[in-house]
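Structure first, commentary second.
Values in this text are rule-based calculations from the coordinates and carry no lab data. Since we're looking at a predicted model, the values are computed, not measured. We place every Cβ from the backbone using ideal geometry, glycine too, and count neighbours over all the protein chains shown.
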Amino acid sequence: MDSLPLYRQETIFKRLSVDLSRATLSNWVLKSAELLQPFYDRLHALLILQKILQADETTLNVIRDGRETKSKSYMWLYQSGGHESEHPIVLYDYQSTRAGAHAETRCSSFQL
């Protein structure tokens, strides 16, 4: 939400006299994502049961992904639509391309 990449967080922690390397922060993010995968999968299962589903993508630069820094990557967003949902669902899905196949795969179980 605050657009704080890890290199900025590392600097903030240093100002607070807390020595946290970018590698440590990165490992925490990766481990957290791994532990939260079952929760993400459950939210996805609930998302595709909604009456309305919205999908969109936005570009971003990834500093290290085996690709040039200037190459575009994409963050796909999937969201329950309409106002009937008491608990709206928003899921993010990183992809290295904008190919529509990503959305087709993620939404393949969605019933119109």
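What to note about this one:
- Eligible aspartates and glutamates near residue 72 by straight Cα distance, threshold 18 Å, same-chain separation 8 or greater: 56, 57, 93
- Tilt relative to the chain, helix 6-15 - C-alpha long axis, 0 to 90 degrees, to 10: 40
- Chain lengthening between residue 90 and residue 18 when straightened (0.36 nm per residue, less Cα-Cα): 22.6 nm
- Stokes-Einstein D for the chain, Kirkwood Rh over Cα pairs, 20 °C, 1.002 mPa s (µm²/s): 131
- Relative contact order of the chain, pairs being alpha-carbon contacts under 8 Å that are 6 or more residues apart, as %: 20
- Applying 1/(1 + (r/R0)^6) with R0 = 35 Å to the Cβ-Cβ distance of residue 7 and residue 45 gives a FRET efficiency near 0.50.
- In the chain, helices alone account for a calculated mean residue ellipticity at 222 nm of -12500 deg cm²/dmol, with every DSSP H run of four or more residues adding -39,500 (n - 2.57).
- Here the Karplus relation 6.51 cos²θ - 1.76 cosθ + 1.60, evaluated at θ = phi - 60°, turns the backbone of region 56-62 into coupling constants of 7, 9, 9, 7, 7, 9, 10 Hz, with x for every Gly and Pro.
- Distant-in-sequence amide H partners of residue 62 (H built 1.01 Å from N, under 5 Å): 73
- Note, ³J(HN,Hα) from phi for region 94-102, Karplus 6.51, -1.76, 1.60, rounded to Hz, x at Gly and Pro: 6, 9, 7, 9, 9, 3, x, 4, 5
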